[in-house]
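First up is the structure itself, then whatever we jot down about it.
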Amino acid sequence: MKTSKNRLLEKLKRYHFELKHLLILLAVLIFSQVLVSFVHKISLQKFLSETQKWYQRDFAERLANLTATSLELVLETTLKSQHLEHADARKIIQAFNIILSQQLLQHHVQDVCILAHNGNETIAIDNGQVLFAHTFENQHDLANSNQSHIRAIAMYKQLEKEIMASEQIFSILEGGQTFHVFVPFVPKGEYAGAVYLKTTPAFGFVTSGIMSSYNETSLIFTALIFFGLLAMFYISSYTVRERNEAQKLLYDEREKKLTEHIHLQKEALFAKRIYHTHHKAEKVMGFIKEDLHKLSLSNIDEIKYRVNKYANFISRVIYDMKWFDPPIQAIRNSLFKTNLNELIRFIVDNIFLRVSAKSDQYQFILELDKNLPIIGVNEFVIWEIIEPLIQNSIEHAGDGNIIIQIQTKYITESSRLDIIIADNGRGILPDLLEKDERGIKKIFLENVSTKVENQRSGYGCYIAYEIATQRCGWQMDVENLEANGCSFKITIPFENRET
């Protein structure tokens, strides 16, 4: 358990928050806050709306019930008297008017009246004189009071039976705000009609106040989150900037060390390449001295041709001493007109066959395609490629009669030139034909050789491969033959002949 926790902490420590992470976090939090606020606000509005409707209905019914109760108390008090004086009648009418008019003084009450029967007709009584006449004088000509309460009379006729049967308060909601309230009018316990009240209680200011307060709270909370995230962003940005500066210094230091390492590697490779070609130049210089000693009138043209080739090769070796990476135009150029067949014959005849100590141990078979086109590559660069491969066949083929076969082919179908150098020796060890992660066979890698250790070896095939693939843009491969020996194959794309 403790180990897994430590692993989790280590993973979190390795993770760094960047600007995009903070922006995503900010967007998610703000969106979540807005969504929660919206849902909460809708729920609160619905709750307040339902509460307001209930409270408005309860308020309207209480107000109507209070009015009906007040009228019933006045009537019950006056009905107990056997004889009413004129002054008492005025007081009763005034009391009726006060009860009815007091309700109309409230701005949310639009109508108030008493709905009663006058014979077979339903009438609406909205003042004390009419109510007094209907109750005490039993007058029947009361139709004039119905004109402004036609709607109330119509609604009462529809609810009259239910009100009479249940003697409960009925209220009808109209337009979401206006209530029509009917309260049973029962003076002295006898049903006499209903008290009607039309009211529109105004409680919107309460809802508006609550919603305004909620909006302010949500805004403050969102602002706190926003400024908190801004503070996090500032601190994280400062930390990330410090980290980036430290990383930049580290990367600069690593780049500097890597550049120095590459420079040292190039110098080492350069030194190895120079060493590898130095002894070849020494051998060529020996050939030049030998030719100068043999110089006569009869062979002057032949020796002049050879010495010129030898001297150009020495010049190339000296030129290579000046560059880690010589310019491409010094390797491939349309000005170069190299005849591969002629170059191969010269290397075989005037380099390998001049070594008398070895000439009786190996022989060459040349199968050169006469249709081979001229290529635009420096011939002494090609010399540096072909010569190590032939030397490898001589040194690693083993004892006995060594036959080295060199072929050139021009394949028009695939627009390419092939140079094949094969021998009948013991071949190449299988592990040297294995490829590394880059797809390069081991024999073409640096410091790889079949010679005895502690010798300066392993550069011939490596240098030939590097020059052919990196500088000339060719392909090189090697494989063992079915019978015995091995075969090196150089593939030259024909479109590169003059590049």
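Quick note: the coordinates plus some simple rules give every number you see, no bench work behind them. In this text the structure is predicted, and so the values were computed from the model without any measurement. Here the Cβ positions follow ideal geometry from the backbone for every residue, glycine too, while neighbour counts run over all protein chains shown.
If you average 1/r over every pair of different alpha-carbon atoms in segment 327-496 and take one over that average, what Kirkwood value in Å do you get? Final number for the Kirkwood radius of segment 327-496 is 16.6 Å. Shown in residue order for segment 173-180 are the 3J(HN,Hα) couplings computed by the Karplus curve 6.51 cos²θ - 1.76 cosθ + 1.60 at θ = phi - 60°: 8, 10, x, x, 10, 8, 10, 9 Hz (x for Gly and Pro). When segment 327-496 is described by a simple charge dipole with +1 on each Lys and Arg Cβ and -1 on each Asp and Glu Cβ, the residue from 468, 407, 486 located farthest towards its positive end is 468.
Just how large is the dipole of segment 327-496 about the Cα centre, in debye to the nearest 20, putting +1 at every Lys and Arg Cβ and -1 at every Asp and Glu Cβ? Present the calculation step by step, with values, prior to reporting the outcome.
Numbers: 17 positive and 24 negative charges, 72 e Å.
Result for segment 327-496 is approximately 340 debye, rounded to the nearest 20.
3J(HN,Hα) along segment 425-440: x, 7, x, 10, 4, x, 5, 6, 8, 6, 9, 8, 5, 8, x, 9 Hz, from the Karplus curve 6.51 cos²θ - 1.76 cosθ + 1.60 with θ = phi - 60°, whole Hz, x for Gly and Pro.
Given +1 at the Cβ of Lys and Arg, -1 at the Cβ of Asp and Glu and no other charges, the dipole of segment 20-202 around its Cα centre is 1020 debye to the nearest 20. A convex hull fitted around the alpha carbon atoms of segment 20-202 yields 140 Å³ per residue.
Since only 152, 117, 185 are under comparison, the one whose Cα sits farthest along the positive direction of the charge dipole of segment 20-202, derived from C-beta charges on Lys, Arg, Asp and Glu, is 152. Our coupling estimate for segment 23-38, obtained by passing each phi through the Karplus curve with A = 6.51, B = -1.76, C = 1.60 and θ = phi - 60°, is 5, 5, 4, 4, 4, 5, 5, 5, 4, 5, 5, 5, 5, 5, 4, 5 Hz, Gly and Pro reported as x. A simple count of charges around residue 302, restricted to other residues whose Cβ falls under 14 Å of its Cβ and scoring Lys, Arg +1 and Asp, Glu -1, yields +2. Measuring against 31 Å, Cα to Cα, the residue pairs 280/304; 257/280; 337/435 contain 257/280; 337/435 as the ones spanning a longer distance.
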